[in-house]
1. Kindly list, by first and then second residue, each pair from a residue in segment 247-259 that is assigned by TED's automatic domain parsing to the domain that holds residue 129 to a residue that is in a helix (DSSP H, G or I), limited to pairs with Cβ atoms under 6 Å and residues at least 6 apart or on different chains.
2. Assess whether residue 142 counts as being part of a helix (DSSP H, G or I), surrounded by 16 or more Cβ atoms within 10 Å (Cβ to Cβ) and either modelled with pLDDT of 75 or more or not assigned by TED's automatic domain parsing to the domain that holds residue 212 (or both).
3. Could we say that residue 205 is touching a helix residue (DSSP H, G or I) at 6+ places or on another chain (Cβ under 6 Å), assigned by TED's automatic domain parsing to the domain that holds residue 144 and surrounded by fewer than 20 Cβ atoms within 10 Å (Cβ to Cβ) here?
4. Could you please find all residues in segment 51-77 being in contact with a strand residue (DSSP E or B) (Cβ under 7 Å, 6 or more places away or on another chain) and outside any strand (DSSP E or B)?
5. Taking the condition of being part of a loop (DSSP other than H, G, I, E, B) and touching a strand residue (DSSP E or B) at 6+ places or on another chain (Cβ under 7 Å), how many residues in segment 103-112 meet it?
6. Quick test for you: out of 219, 255, 211, pick the one residue that is modelled with pLDDT of 80 or more, part of a strand (DSSP E or B), surrounded by 17 or more Cβ atoms within 10 Å (Cβ to Cβ) and in contact with a helix residue (DSSP H, G or I) (Cβ under 7 Å, 6 or more places away or on another chain).
7. Against the conditions (1) at pLDDT below 75; (2) in a loop (DSSP other than H, G, I, E, B), where does residue 155 fall short? Just the number, please.
8. In segment 430-450, which residues are in contact with a strand residue (DSSP E or B) (Cβ under 7 Å, 6 or more places away or on another chain) and under 21 Å from residue 572 (Cβ atoms)?
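The values are calculated or read from the model by the stated rules, or taken from the named source; none is laboratory data. This one's a predicted model, so the numbers in the text were calculated from it and none came from an experiment. Positions of Cβ are generated from backbone atoms using ideal geometry, with glycine treated the same way; all protein chains shown enter the neighbour counts.
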């Protein structure tokens, strides 16, 4: 409490010292307190009033044309033009009535009964209107970021062939006509006022801003943005004058005479410098007083810093405690993820061990049966038994070989060490041959599979061996995960760039929420069918990887009230020359019948 009291005492002393000087020296933007109106009211209060009849002088102008004419924070009209109108009214015996409106409202005000209009050239006055001599001329320049002068050719902004930069400016009829005649391809962005143009430049909405030179320097200086400077060339001159109602010729004469006298006496230039000028250099007395003020400010800041320190330390402790809690939570999540990953690996190795042990056990049982028959020298072993035992041994050997091949290929694909043997083939013919072999290996009564090709022939660059593996993996899943007779439909079509093969079956399908996991390595479906049909969890993972090796995609498609599973395979119609060079040499020894028996060995074993 003692510290806060000291701090308040310092602030009171500092405010007392600065109150008188700050009132006289600083004119804040849109908050001017020492206006001519305030001075007039002060004089009126101090001098005895004399009865007089003043003629009304109705003026309409802009409410946001800082610093020429605007509404300050106190809600009063202010600015250079307002000061001149007040001085003129006092000198000529008029009662000044100001009506300041927006740019859009001013466009329709010229038809109303006003004595004087001020539009700053933003609104085109009627042809019959009469303008006074200009009281201030603005020279417009392009303000740019000096740090970007090397990267952007600002000097070519208004060249017809540049067309790469954007320019912000305050909307104005005369300025818009000028810019439209520049024949530039650059983007011109009209904004409601100069402040909006400046804010847009700071927000990188455009590359440069077109502002009056003096006003632009003043605005950038107030915001301490020294990197923004005007280019040397003056691009546009804007005359600021008053428009007098053509019915009041005497009023125009009086106002012109007043402005001329203001120029000759130097009062107009002094008024202009009051409103449009950069801060002047400080005097020696002001510097001493500033140092004295800075001392008090530093003392007050030090006092406040000591009182704030304990609070700041407490906040730091709370922040560090929260960060530690967050870190502990993240570590717990990481630990849980590692445990889940380890559990997943253990479950997979147990499943893979079972997948390898089952065919080996069946092979050994079949071999033992034949061996026992040979040891007892029994020649009456029925042929059907002999065929059954050899078939069991053969199918399970192929099943074992398939698991080992998939395991090796999965690791090669993961290590990016797998190559294709690409050939130019007739895809319709290849798919037809595959269907014939599948039908021959499996009992056609147990499976329906058809090809619907929209073309009689379709030349494509693929690896026939790998495409057969992809489809046989999908066919194997359709048979394993099915409650009835499996039905499969292949639909082939293409456009100018892509070959599309839709695979549709009547299996139990994969839930949409789980389909992404189904394409992961070693993933197995968690269902009674998966347990019954077993499998090592390579099928969809290998299919997706092999399609992507063709620069294609394999994706599931879901529709409302869908029955079964729908996959879409997409392969580019043409592959790059570098991709065509990939070759593994598999096609030299490719036997489609052997591959079909090998990939479907798991189905044959399950049926036996």
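1. 254/92; 258/88
2. no
3. Numbers: touching a helix residue (DSSP H, G or I) at 6+ places or on another chain (Cβ under 6 Å): no; assigned by TED's automatic domain parsing to the domain that holds residue 144: yes; surrounded by fewer than 20 Cβ atoms within 10 Å (Cβ to Cβ): yes.
No: the conditions fail for residue 205.
4. Scanning segment 51-77 gives 54, 63, 68, 72.
5. 2
6. Just one listed residue meets the conditions, 211.
7. Here residue 155 meets the rest and fails (2).
8. Correct list: 431 only.
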